[in-house]
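Report on one structure; see the data block that follows.
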Amino acid sequence: MRTSDNKIAVTLKVIGYITFFLTGITFFVLLANFYNDFLTVLIYTFSMFSIGMIFVGLGEVISLLQNLSNNQPELPAAHKKEHHAETEAELKLTNETVGERAKAEIEEFFAKNDKQVTDIKAMHIEDFYLVTVEGEAVTVELGGFQPVVYKKD
């Protein structure tokens, strides 16, 4: 077994192959006992074979999905920060009022760093605010576990 194989997929395939093996044995046992009723033997054998195929098929599907998941390229974190920096330049102010919850969250965040917030303005993109902190304008993004501050360079 390769280290990249999914344990669940391998287990399902093994169960399927064991079912195939037992199907072969059961076919000959039933054939000896029900030699007058061959249709019964075929029904039992086909049922067991189908169950084995289902297990092997599910194992293959899980293996394929695991391979697809392993081959997904990851986005570097630096690229994500650059994207936010690019969108920051495109943000425009709106005339909407800042909600009390957002205002309290921003003020609480900067109060932890011993900084005084003088002004908060809403931007046209949800959860983005232009905040003036001790004379410096910064863009703040809410919506995560804690606010993210983007400083203008």
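The values are calculated or read from the model by the stated rules, or taken from the named source; none is laboratory data. From a predicted model like this one, the values you see are computed outputs, not experimental measurements. Using ideal geometry, Cβ is built from the backbone for each residue, glycine included, and neighbour counts are taken over all protein chains shown.
How about region 1-96: which helices (runs of 4 or more DSSP H) wholly inside it have at least 1 residues that are modelled with pLDDT under 80 and closer than 30 Å to Glu141 by Cβ?
38-70, 77-90
Please go through region 101-113 and pick out each residue that is loosely packed, with under 11 Cβ neighbours inside 10 Å and either modelled with pLDDT under 85 or within 10 Å of Tyr129 (Cα to Cα) (or both).
If the condition is that a residue be loosely packed, with under 11 Cβ neighbours inside 10 Å and either modelled with pLDDT under 85 or within 10 Å of Tyr129 (Cα to Cα) (or both), then Asn113 is the only one that fits.
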